[in-house]
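In what follows, a structure is listed as structure tokens, so that the remarks can point back to it.
A short reminder: the numbers here are calculations on the coordinates, not readings from a lab. Predicted, not measured: the structure shown is a model, and the values here were computed from it. Positions of Cβ are backbone-derived with ideal geometry, glycine not excepted, and every protein chain shown enters the neighbour counts.
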Ligand SMILES: [Zn+2]
């Protein structure tokens, strides 16, 4: 049996969430928050027409609303099947999350690799370890199925071209 690393195993949980979104006809991003081997929460993108309902935001609402006792020392890891956007990455930086692990890069709107030079003092140092490309091909396959089947005009009319090219295998970093 294939040996999976702990990151690969946990990404499997995020991929399962992404598959649930796909079954509902929603852009298939899944996210999981973990402390070591413990899953603290899981979510997926839930509404095509709600641009705040990204998988990560749904997850953050579940884990970080109300009182919580997590600190960066807990080593919380966010697993997500797509590189976070500016909203989700910005929120991640505000939260006590120590690591970000994602499956597929978002060549159109991904923000994990942005530099924070010139940002306000609080954000000039980015205390988050980032690991990219974990189970990328499986995330990519879900996006390909979505693009083949969605009725959303944005995607059918070629929205986010660099992302679509990467999913179709014609973009950069095709593996
Ligand atoms: Zn987002």
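Here are the numbers for this structure:
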| quantity | calculated |
| --- | --- |
| Relative contact order (%) - the chain, alpha-carbon pairs under 8 angstrom, separation at least six | 19 percent |
| FRET efficiency, 1/(1 + (r/R0)^6) with R0 22 Å, evaluated for residue 87 and residue 119 via beta carbons | 0.90 |
| Computed helical MRE - 222 nm, the chain, DSSP H runs ≥ 4 contributing -39500 (n - 2.57), nearest 500 | -11000 deg cm²/dmol |
| C-alpha long axis of helix 55-64 to longest principal axis of the chain, angle in ° | 20 degrees |
| Ranked by how many other beta carbons lie within 10 Å on average, peptides 77-84, 152-159, 132-139 from highest | 77-84, 132-139, 152-159 |
| Value of relative contact order over the range 95-146, rounded to a whole percent, pairs C-alpha under 8 Å and six or more apart | 53 percent |
| Within the chain, percent of DSSP bridges classed antiparallel, to nearest 5 | 55 percent |
| Separation of the residue 154 and residue 7 label points, Cα + 7 Å toward Cβ, nm | 2.9 nm |
| Taking all pairs of distinct alpha-carbon atoms in the chain, Kirkwood radius in angstrom | 16.4 Å |
| Rg to Rh, two decimals, where the range 3-53 supplies the alpha carbon set and Rh follows Kirkwood | 1.04 |
| Length-normalised contact order of the range 73-113 in % [C-alpha pairs under 8 Å, at least 6 apart] | 56 percent |
